[in-house]
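K.L.:
Structure incoming, see below.
Values in this text are rule-based calculations from the coordinates and carry no lab data. In this text, all values refer to a predicted model and were calculated from it rather than measured experimentally. Quick reminder, even Gly has a Cβ in these numbers, built from the backbone with ideal geometry, and neighbours come from all protein chains shown.
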Ligand code: DX5
Ligand code: ZN
């Protein structure tokens, strides 16, 4: 059995009560908190920047999984490290010098991830798979929470898992976008082990319903024989 990690995304959380939303993630047994930084250029919509992550860091010990959907990420890596990120994931599509950028992140002593949009092939990151701690496969187009899961990405998870086992790589496989219990199960059956879940948790009105949503994801993964 391999370890499954739930990573609630606060993109659609209630920002006026962010500390309570983080409390719910902790109470529901999440190990990661997923933080989506969107600049309105690389992807539509503008979310939040390093100052919010700094505040979140001062409040929680959850692993802060920072997903940068921004142009020119190299210019901002240091800011996001200073803010307290535990991992920084950059998009392969937004980085001209991907290898250099990954090592720039790792030199700070934190984990480095690379993300792929739904239309980007796994081959784009094949040469750097031995250098990274995680691969984030977008299962929606970046920009917003609450979009439907793109089923065609499932075959990319399979392909990536095959590469991982054939070369004995150690990176984690994270899926992000449109995840509910059903999609979490499909992805885990193909080898994903980190599950970003936003609106399925945070669109719910009450704390009880949000905790139940997290429980539903975990149950679904266990039903698939994975813990
Ligand atoms: C989209 C973000 C995702 C998203 C997840 O750009 O990377 O993390 O917010 O939210 P849901 O689960 O609502 O798709
Ligand atoms: Zn994300």
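K.L.:
Once each part is reduced to its C-alpha centroid, what is the distance from region 48-98 to region 114-152 in angstrom?
P.N.:
17
K.L.:
Additional query: Is the C-alpha gyration tensor of region 81-130 telling us rounded, prolate or oblate? Criteria: a/c under 1.5 is rounded; beyond that, a/b larger than b/c is prolate, otherwise oblate.
P.N.:
Note, shape of region 81-130 comes out prolate.
K.L.:
For region 36-145, what Kirkwood radius comes out of the mean inverse Cα-Cα distance, in Å? Please list the in-between numbers first.
P.N.:
Working: mean 1/r = 0.0715 Å⁻¹.
Here the Kirkwood hydrodynamic radius works out to 14.0 Å.
K.L.:
I want to check the label-to-label distance for residue 52 and residue 223. Put each point 7 Å from Cα in the C-beta direction and report it in nm to one decimal.
P.N.:
3.2
K.L.:
Kindly put 208, 139 in sequence by how many other C-beta atoms sit within 10 Å of each C-beta, fewest to most.
P.N.:
Least crowded to most crowded, the residues run 208, 139.
K.L.:
At a Förster radius of 25 Å, what calculated FRET efficiency corresponds to the Cβ-Cβ distance of residue 208 and residue 18, to the nearest 0.05?
P.N.:
Computed FRET efficiency for residue 208 and residue 18: 0.85.
K.L.:
For region 174-227, what does the alpha-carbon gyration tensor say about shape, rounded, prolate or oblate, given a ≥ b ≥ c as the root eigenvalues, a/c under 1.5 as rounded, and a/b over b/c as prolate?
P.N.:
Oblate is the answer for region 174-227, as a/c is 1.5 or above yet b/c matches or exceeds a/b.
K.L.:
Next up: State log₁₀ I(q)/I(0) for region 117-216 at q = 0.19 Å⁻¹ as given by the Debye formula over alpha-carbon point scatterers of equal weight, solvent excluded.
P.N.:
-0.89
K.L.:
Can you put 144, 171 in order, fewest other beta carbons within 10 Å first? It would help to have the intermediate numbers written out before the result.
P.N.:
Numbers: 144 18, 171 21.
Result, fewest neighbours first: 144, 171.
K.L.:
For region 1-92, what is the convex hull (Cα atoms) projected area averaged across all directions, in square nanometres?
P.N.:
Working: hull surface 26.4 nm².
Dividing the Cα hull surface by four gives the mean projection, 6.6 nm².
K.L.:
Here's a follow-up. Work out how much length residue 215 to residue 189 would gain on full extension: take 0.36 nm times their residue separation and subtract the Cα-Cα distance, in nm to one decimal.
P.N.:
So the extension gain works out to 7.5 nm.
K.L.:
With 10 angstrom as the radius, rank 197, 153, 81 by how many other C-beta atoms surround their C-beta, starting from the fewest.
P.N.:
Fewest to most other Cβ atoms nearby, the residues stand as 81, 153, 197.
K.L.:
What distance in nm separates the two pseudo spin-label positions at residue 71 and residue 123, each 7 Å out from Cα along the beta-carbon direction?
P.N.:
The modelled label-to-label distance comes out at 2.9 nm.
K.L.:
Could you work out the Kirkwood radius for the chain, taking every pair of different alpha carbons, averaging 1/r and inverting it, reported in Å? Mind dumping the intermediate values first?
P.N.:
Values: mean 1/r = 0.0577 Å⁻¹.
Final number for the Kirkwood radius of the chain is 17.3 Å.
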